[in-house]
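For reference, the structure is listed below as structure tokens.
The values are calculated or read from the model by the stated rules, or taken from the named source; none is laboratory data. Predicted model only: the values in this text are computed from it and were never measured. Counting neighbours? That spans all protein chains shown, and the Cβs are built from the backbone with ideal geometry, glycine included. Just the protein is used for accessible areas: all its heavy atoms, side chains included, with ligands, DNA and RNA removed. Shrake-Rupley method; radii C 1.70, N 1.55, O 1.52, S 1.80 Å.
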Amino acid sequence: MNIPDNWLPQDGLLDKRIILITGAAAGIGAATARRCAAAGATVILLDKIVRGLEQVYDEIESAGGAQPAIYPMNLEGASEKDYTELAETIEREFGRLDGLVHNAAMLGALVPVAHFESELWYRIMQINLNAPFLLTRACLELLMKSDDASVVFNSDAVGRHGKAYWGAYGVSKAGLENLMQVLADEMETNTSVRFNSFDPGPVATGLRAIAYPGEAPGKVPGPDEVIEPLLYLLSSDSEKVTGQQFSLNSSG
């Protein structure tokens, strides 16, 4: 599914919205945070890389955006208590949550399943699938306090159709797609919270550089070029759209 062909973001599209973004220190997460802030949102930047978070924070402030918040957190080692404390902090500081973007991900390695190390498999699942489950569950009450909350799971084509050697990463993204659909189905009738996934296609990020180390610079778009659908999904323009798999391109 794609955003409407005639859709264009209006000024102040995300005005006064509180949006939490994981993996916000670099790549798509950082680009999403900057763009959401420019559209009026107050963004909560979550990542384990504090230096990257501080840089994004400074970029948002320098551009005149609403003052963001930084929340350092390592999703691989986070416990249920850590997620509860995060939700409590958001509750105390903001009172609600209008948007949640699950962007943080780990690729690991491109190897056959027969040779996949168990420990690496567990680590990837923890970051890519278990963390989004625990974070979403912890934030559900905050999301339900919003009149129009949106949760977006950043996905990948290999999560919608399995592909050799993509192992735990592909399986974790397939799990995210199913989790999104389960949540959308469970919460569609009695809440205003909506859940969708978004596949941005090939993007020049650190994760892609691991998968394609010899790829020529400029061959695929940068993060700032692929995030427009996220603005649509996080805004009230996509009200009542839930349980859908979005792609940047119709061929995606």
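Scanning the range 176-190 for residues that are farther than 17 Å from L135 by Cβ and either more than 19 Å from the chain's Cα centre (by Cα) or part of a loop (DSSP other than H, G, I, E, B) (or both) turns up D185, E188, T189, N190.
For the range 184-199, state whether one or more residues are closer than 29 Å to A114 by Cβ, among the basic types (K, R) and touching a Ser or Thr at 6+ places or on another chain (Cβ under 8 Å). Looking through the range 184-199, none of the residues is closer than 29 Å to A114 by Cβ, among the basic types (K, R) and touching a Ser or Thr at 6+ places or on another chain (Cβ under 8 Å).
Only one of the numbered conditions (1) in a loop (DSSP other than H, G, I, E, B); (2) open to solvent by 10 Å² or more (accessible area, probe 1.4 Å) is violated by L107, and that is (2). Hey, does the range 218-236 have a residue that's small (G, A, S), touching a helix residue (DSSP H, G or I) at 6+ places or on another chain (Cβ under 8 Å) and not in a loop (DSSP other than H, G, I, E, B)? No, the range 218-236 contains no residue that is small (G, A, S), touching a helix residue (DSSP H, G or I) at 6+ places or on another chain (Cβ under 8 Å) and not in a loop (DSSP other than H, G, I, E, B). Looking only at the range 40-91, residues that are in contact (Cβ under 8 Å) with a residue 60 or more places away in the chain and aromatic (F, W, Y) come to 0 in all.
The single condition from (1) in a loop (DSSP other than H, G, I, E, B); (2) surrounded by 16 or more Cβ atoms within 10 Å (Cβ to Cβ); (3) in contact with a helix residue (DSSP H, G or I) (Cβ under 7 Å, 6 or more places away or on another chain) that S146 fails is (3).
The single condition among (1) in contact with a strand residue (DSSP E or B) (Cβ under 7 Å, 6 or more places away or on another chain); (2) open to solvent by 50 Å² or more (accessible area, probe 1.4 Å); (3) closer than 18 Å to I21 by Cα that A157 does not satisfy is (3). For L8, the test of being part of a loop (DSSP other than H, G, I, E, B), aliphatic (A, V, I, L, M) and open to solvent by 30 Å² or more (accessible area, probe 1.4 Å) is passed.
One line per residue, one yes/no per condition, for (1) surrounded by 21 or more Cβ atoms within 10 Å (Cβ to Cβ); (2) not in a strand (DSSP E or B):
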{"residue": "L45", "(1), (2)": "yes, no"}
{"residue": "E54", "(1), (2)": "no, yes"}
{"residue": "E59", "(1), (2)": "no, yes"}
{"residue": "G64", "(1), (2)": "no, yes"}
{"residue": "Q67", "(1), (2)": "no, yes"}
{"residue": "Y71", "(1), (2)": "no, no"}
{"residue": "N74", "(1), (2)": "no, yes"}
{"residue": "A78", "(1), (2)": "no, yes"}
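This table checks each residue for (1) surrounded by fewer than 19 Cβ atoms within 10 Å (Cβ to Cβ); (2) in contact (Cβ under 8 Å) with a residue 24 or more places away in the chain.
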| position | (1), (2) |
| --- | --- |
| N178 | yes, no |
| A184 | no, yes |
| D199 | no, yes |
| T205 | no, yes |
| G214 | yes, no |
| V220 | yes, no |
| P223 | no, yes |
| P229 | no, yes |
| E239 | yes, yes |
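Taking (1) in contact with a strand residue (DSSP E or B) (Cβ under 9 Å, 6 or more places away or on another chain); (2) of a type in the set (S, T, Y); (3) at pLDDT below 95 in turn, S251 satisfies each apart from (1).
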